[in-house]
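The values are calculated or read from the model by the stated rules, or taken from the named source; none is laboratory data. Computed from a prediction, not measured in an experiment: that's the story for all the values here. A quick note on method: Cβ atoms are made from the backbone with ideal geometry, for glycine too, and the neighbour counts reach across all protein chains shown. To get the accessible areas, we keep the full protein, side chains included, count just its heavy atoms, and leave off ligands, DNA and RNA. Shrake-Rupley method; radii C 1.70, N 1.55, O 1.52, S 1.80 Å.
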Amino acid sequence: MAKRRWRMKFLNSIQTKFVLLFILVIAPLVAFLIYVNTYARNIVRTQVTDSYEKTLANFINKTDELFMGAEKYLANFLHKELDTTAIDYPFREETRNTLIKVRTNTKFTYMLNFMPDVDSFTYFSPQHSTLLLTTNRSGYDRKYMAAQNLMDDVAKSSRIAYGTFLSDFVSIDGELYLIRIYRDFPDIYLGAWINLNRLLESLGAVHSAILSADGEVLVSHGLPPERVGQILNDRAEHNGSNPQYFLLSRYSEHQGLRYVILIPSTDVLQNLSFFQKVIYWMPAVIFIIVVFYIAFIRRVLLTPMRTLIRGMQRISHGDLDTRIELNASNEFNYMNFAFNNMAEEIKTLKVSVYEEQLRVQLAEMKQLQMQINPHFYSNSLNLISGLAQLGDQESVQHMTQLLARYFRYVTASSRTVLTLKEELDHIRDYLTIQQYRYPDILSFDISMPPELGSASVPPLTLQPFVENSIIHGYQKKTKSFRILITCGTEQTADGVKLVVVTLEDNGIGVEPAKLAALRQNVSDVSRAAGESRHLGIWNVYRRLSLMFGERQASIDFESVDTGGLRVMVRFPYKTA
């Protein structure tokens, strides 16, 4: 139930409604920005992918034409290009081989100018142990040694039949060469060298690679081969997707190679960097906006409203000095001004009511005094008469002095404030007179620190409690009856020093129900007015409240464990 009430209170809060309204306004805007960004990413990704697809397709077609042109040239070289039959047979064999080498080198050099993507041509005759390498680039010696080893291996292994081609790879100085080898009759091996690194660079992609038919990375551009292999493995593990790269590949049936382009996601979406940053920073921006929005609403609307509500609550609790500063917006300043005027009028009205109540209380006090004095006066005179008959002149004299001081104190209605010492001296006189009525039965003790003697207190503050203690607390005439009055101090949480006067007796005490009613009647005007026996206690409380304030003075009752009643009167320590 408490949780439900808290939820209803939270939902009915103006602050909650403002925040929800702000979220309802911002949420569609954020959703729209996310949708626009996603849509733009998809469009850009599609366009970039299509562009690279076309580039890769055109490149493979071009390289296929390169390979086919080189292969056609090698297949027709001996019979159409070299035309060894045109060399006269009368030459010696050495001379004839020299002429073939010279003519072959000339033809190769001429063809390299027309095929700039072909790095080198080789001519190998195992029969005559003749190897010819023609290249238009550097590294001749290393290429020659590599060609010698490769051609010897191919010739000895018989891996290639007459009139067919064989592809093999040679790595020189960190560059990989694809060599297309053609075996011609009579046992002549011709080769076209293509530099795969340089070929891949001509693709123009930032990150690219050439793979063998079984997926091995042969060469790469922009990324190390190991990194390319890792990206391809991650793509396979994630079902063909990689968040960091877009991958495009195309396989050439003629070459037996796969060309791969790896496009970083940042490059694809570089034109959308602004939108990406907006999306990335959107949660933080929204959070900051919400914080500033709430702070603005709190400062402009909620804080002034809470200040006004707290002012009303303090007024309802009796703090009529509450005022609100006029430092808000015009509308709230107008309401605060009206509140201050209302509080001032209430204070003025309540002071007037208090003054009227005080006059009524003074009249009630005089009436109370008139009710008490004749009865107490007659008892005292009867007591003096009895003492005189017994011839106890000293007691008569003492009793007469006590009675004179007592009535002088009670009838001094013009004094509204006395000291605590004077009040206790009056109580001492009153109890001494009562001791003459109850000799050997009534005893009392009054203790007070000297520094509390100057504390201000309304007259007749303690007498109603002492009278009630004797009248209601003592009923068994044979039992001794004792009254203890002690004075001390307490410190409130606000740092206010309080005087605490405690009156305790060993009488019959008060039943719990009557004790609760007694506590209620202390501050309840209507109940106290309806019960005349509690009118004196309520009168004391009202005079203390008028003198020190309702929230400063208090009267508490509690039962004593050994029997009897304890009364504690608290009021601020003030001096006249």
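One table, with the values for the structure above:
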| item | result |
| --- | --- |
| Flag for THR400 being modelled with pLDDT under 85, more than 19 Å from ILE483 (Cα to Cα) and open to solvent by 50 Å² or more (accessible area, probe 1.4 Å) | no |
| Restricting region 141-152 to residues that are surrounded by 12 or more Cβ atoms within 10 Å (Cβ to Cβ) and out of contact with any strand residue (DSSP E or B) (no Cβ under 7 Å at 6 or more places or on another chain), the residue that is modelled with the lowest pLDDT | ASP152 |
| Output for region 109-131, where each listed residue is more than 25 Å from LEU200 (Cβ to Cβ) and not in a strand (DSSP E or B) | THR109, TYR110, PRO126, GLN127, HIS128, SER129 |
| Residue within region 163-176 that is open to solvent by less than 10 Å² (accessible area, probe 1.4 Å), over 18 Å from LYS80 (Cβ atoms) and in contact (Cβ under 8 Å) with a residue 12 or more places away in the chain present | no |
| Matching residues, region 336-359, being open to solvent by less than 80 Å² (accessible area, probe 1.4 Å) and under 20 Å from ARG299 (Cβ atoms) | ASN336, PHE339 |
| Residue tally, condition open to solvent by less than 80 Å² (accessible area, probe 1.4 Å) and either touching a residue at least 60 places away in the same chain (Cβ under 8 Å) or not in a helix (DSSP H, G or I) (or both), over region 504-513 | 6 |
| Considering residues of region 194-214 that are of a type in the set (A, V, I, L, M, F, W, C) and out of contact with any Asp or Glu (no Cβ under 9 Å at 6 or more places or on another chain) only, the residue modelled with the lowest pLDDT | ALA205 |
| Subset of region 381-412 [outside any helix (DSSP H, G or I) and in contact with a Leu (Cβ under 7 Å, 6 or more places away or on another chain)] | none |
| Scan of region 403-418 for residues that are over 60 Å from the mean Cα position of the chain (by Cα), at pLDDT 85 or above and surrounded by 12 or more Cβ atoms within 10 Å (Cβ to Cβ), ordered by number | LEU403, ARG405, TYR406 |
| Residue within region 264-283 that is part of a loop (DSSP other than H, G, I, E, B), modelled with pLDDT of 65 or more and surrounded by fewer than 12 Cβ atoms within 10 Å (Cβ to Cβ) present | no |
| Count of region 212-227 residues which are within 50 Å of the chain's Cα centre (by Cα), outside any strand (DSSP E or B) and not charged (D, E, K, R) | 4 |
| Some residue of region 179-188 being in a strand (DSSP E or B), farther than 22 Å from LEU78 by Cβ and open to solvent by 20 Å² or more (accessible area, probe 1.4 Å) | no |
| Test: residue in region 176-195 that is under 59 Å from the mean Cα position of the chain (by Cα) and not aliphatic (A, V, I, L, M) | no |
| Residue among GLU451, GLU423 that is part of a helix (DSSP H, G or I), within 17 Å of VAL499 (Cβ to Cβ), free of Cβ contacts under 8 Å to residues at least 40 places away in the same chain and open to solvent by less than 20 Å² (accessible area, probe 1.4 Å) | GLU423 |
| Of residues in region 454-503 being surrounded by fewer than 18 Cβ atoms within 10 Å (Cβ to Cβ), under 57 Å from the mean Cα position of the chain (by Cα) and not in a strand (DSSP E or B), the one modelled with the highest pLDDT | SER454 |
| Residue in region 520-534 that is in contact with a strand residue (DSSP E or B) (Cβ under 9 Å, 6 or more places away or on another chain) and either more than 17 Å from GLN463 (Cα to Cα) or at pLDDT 85 or above (or both) present | yes |
| Unmet criterion (only one of (1) open to solvent by 40 Å² or more (accessible area, probe 1.4 Å); (2) within 28 Å of THR16 (Cα to Cα); (3) outside any loop (DSSP other than H, G, I, E, B); (4) among the aliphatic types (A, V, I, L, M)) for ILE297 | (1) |
| Total residues in region 85-135, condition under 19 Å from ARG198 (Cα atoms) and either among the basic types (Lys, Arg) or modelled with pLDDT under 85 (or both) | 0 |
| All positions within region 132-162 that are of a type in the set (Ser, Thr, Tyr) and in a helix (DSSP H, G or I) | TYR140, TYR144, SER157 |
| Count of residues meeting criterion [farther than 22 Å from SER480 by Cβ and open to solvent by 10 Å² or more (accessible area, probe 1.4 Å)] in region 426-443 | 0 |
| Residue, most open to solvent (accessible area, probe 1.4 Å), within region 540-576, restricted to residues that are of a type in the set (D, E, K, R), closer than 24 Å to SER469 by Cβ and modelled with pLDDT under 85 | ASP561 |
| VAL206 vs. criteria within 57 Å of the chain's Cα centre (by Cα) and either under 29 Å from HIS79 (Cβ atoms) or exposed (fewer than 14 other Cβ atoms within 10 Å of the Cβ) (or both) | yes |
